[in-house]
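Asks: Before I ask anything, let me first share the structure, which is written out below as structure tokens.
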């Protein structure tokens, strides 16, 4: 298991819980956190004991955005300027975008349990997750215009799909920080809970999504939905749906799933994500920069 610098990690009943562990720094984002998050989702994808991932914060923040310790030079991305930078055609990749693209490719459901401040990358890293559950103490902000920069972490792709174009533009133009209830009304979060009930609620949600489901079916369903969001025509979805149904139709999971239904008992699915994904997965070619 990787040695995380900015995360505490444990697995409880098949649910991985990763907690940002820099409360004195409001769990701000830097290169170490970027690498920890990339490693985290490699770890959870490769562990068949993990059915879902919960990401939360410690202290008063979920993640209060980028670490601004370099002042006005924070976002001055010089090619090859820092360890861990990756340059393509002279453009240094946005670290938050590397994280959101990795979450996008996750084979396990991902839930944000937003305990406090979630601004900048602290908000945008949540967008490719499957659910966002907030504490009444949570605050959200897409604050880029107030820092003189632009939306990052692929948020211009994800955010309008979650809340619609007008709301996404309002939040991005104004850069204002808003409360959890507004996030709930707009559909950014699915539920709001008192702080002491937040993590339990995230556990319930994670188990609801995975407890009685085939892990391989969940992994494929996640990718079918996310990948097809950008498809130009429903025929693209039909083609990959047909391949998935054909592959899964001859699997041991289908025999078990149908047998369990007919026998009125819980299914015990034998297939594993680490070894039994169909041979056409992943079906989407990785675009440049992915």
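Residue-by-condition table, conditions (1) at pLDDT 95 or above; (2) farther than 22 Å from residue 105 by Cβ; (3) crowded, with 18+ Cβ neighbours inside 10 Å:
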{"position": "18", "(1), (2), (3)": "yes, no, yes"}
{"position": "36", "(1), (2), (3)": "yes, no, yes"}
{"position": "40", "(1), (2), (3)": "yes, no, yes"}
{"position": "46", "(1), (2), (3)": "yes, no, no"}
{"position": "55", "(1), (2), (3)": "yes, no, yes"}
{"position": "61", "(1), (2), (3)": "yes, yes, yes"}
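Asks: Related question: Would you confirm, using the coordinates I've provided, whether residue 145 is surrounded by fewer than 18 Cβ atoms within 10 Å (Cβ to Cβ), in the same structural domain as residue 110 (by TED's automatic domain parsing) and under 17 Å from the mean Cα position of the chain (by Cα)?
Replies: Judged against the criteria, residue 145 is not a match.
Asks: Keeping to region 230-280, report how many residues are in contact with a helix residue (DSSP H, G or I) (Cβ under 9 Å, 6 or more places away or on another chain) and over 19 Å from residue 209 (Cβ atoms).
Replies: The initial filter retains those residues of region 230-280 that are in contact with a helix residue (DSSP H, G or I) (Cβ under 9 Å, 6 or more places away or on another chain), namely 230-231, 234, 236-237, 240-241, 244, 247-248, 251-254, 257, 265-274, 276-280.
Adding the requirement that they be over 19 Å from residue 209 (Cβ atoms) leaves 230-231, 234, 236-237, 240-241, 247, 251-252, 254, 265, 270, 274, 276, 278-280.
Residues meeting the conditions: 18.
Asks: Related question: How about region 225-235: which of its residues are assigned to a helix (DSSP H, G or I) and surrounded by fewer than 15 Cβ atoms within 10 Å (Cβ to Cβ)?
Replies: Step one: of region 225-235, the residues assigned to a helix (DSSP H, G or I) are 225-228, 234-235.
Answer for region 225-235, where residues must be assigned to a helix (DSSP H, G or I) and surrounded by fewer than 15 Cβ atoms within 10 Å (Cβ to Cβ): 225, 234, 235.
Asks: Continuing with the same structure: Within region 118-129, is even one residue out of contact with any strand residue (DSSP E or B) (no Cβ under 9 Å at 6 or more places or on another chain) and farther than 30 Å from residue 216 by Cα?
Replies: no
Asks: Kindly list the number of the only condition in (1) more than 10 Å from the chain's Cα centre (by Cα); (2) in a loop (DSSP other than H, G, I, E, B); (3) within 17 Å of residue 66 (Cα to Cα) that fails for residue 127.
Replies: Against the list (1) more than 10 Å from the chain's Cα centre (by Cα); (2) in a loop (DSSP other than H, G, I, E, B); (3) within 17 Å of residue 66 (Cα to Cα), residue 127 comes up short only on (1).
Asks: Of the residues that sit in region 157-193 and are without any contact (Cβ under 8 Å) to a residue 40 or more places away in the chain and not in a helix (DSSP H, G or I), which one is surrounded by the most Cβ atoms within 10 Å (Cβ to Cβ)?
Replies: 178
Asks: Restricting to region 194-215, and then to whatever is over 18 Å from the mean Cα position of the chain (by Cα) and assigned to a helix (DSSP H, G or I), can you tell me which residue is surrounded by the fewest Cβ atoms within 10 Å (Cβ to Cβ)? Steps first, please.
Replies: From region 194-215, those over 18 Å from the mean Cα position of the chain (by Cα) are 194-197, 200, 211-214; that's our starting set.
Checking which are assigned to a helix (DSSP H, G or I) leaves us with 195-197, 200.
Values: 195: 12, 196: 8, 197: 13, 200: 11.
Of everything passing the filter in region 194-215, 196 is surrounded by the fewest Cβ atoms within 10 Å (Cβ to Cβ).
Asks: Could you list, in sequence order, the residues of region 132-142 that are in contact with a helix residue (DSSP H, G or I) (Cβ under 6 Å, 6 or more places away or on another chain) and surrounded by 20 or more Cβ atoms within 10 Å (Cβ to Cβ)?
Replies: Selection gives 133, 134, 135, 138, 140, 142.
Asks: Provide a single number: the residues in region 257-282 that are without any contact (Cβ under 8 Å) to a residue 40 or more places away in the chain and assigned to a helix (DSSP H, G or I).
Replies: 6
The values are calculated or read from the model by the stated rules, or taken from the named source; none is laboratory data. Because the structure is predicted, anything quoted here is derived from the model rather than measured. Neighbour counts are summed over all protein chains in view; Cβ atoms, including those assigned to glycine, are modelled from backbone coordinates with ideal geometry.
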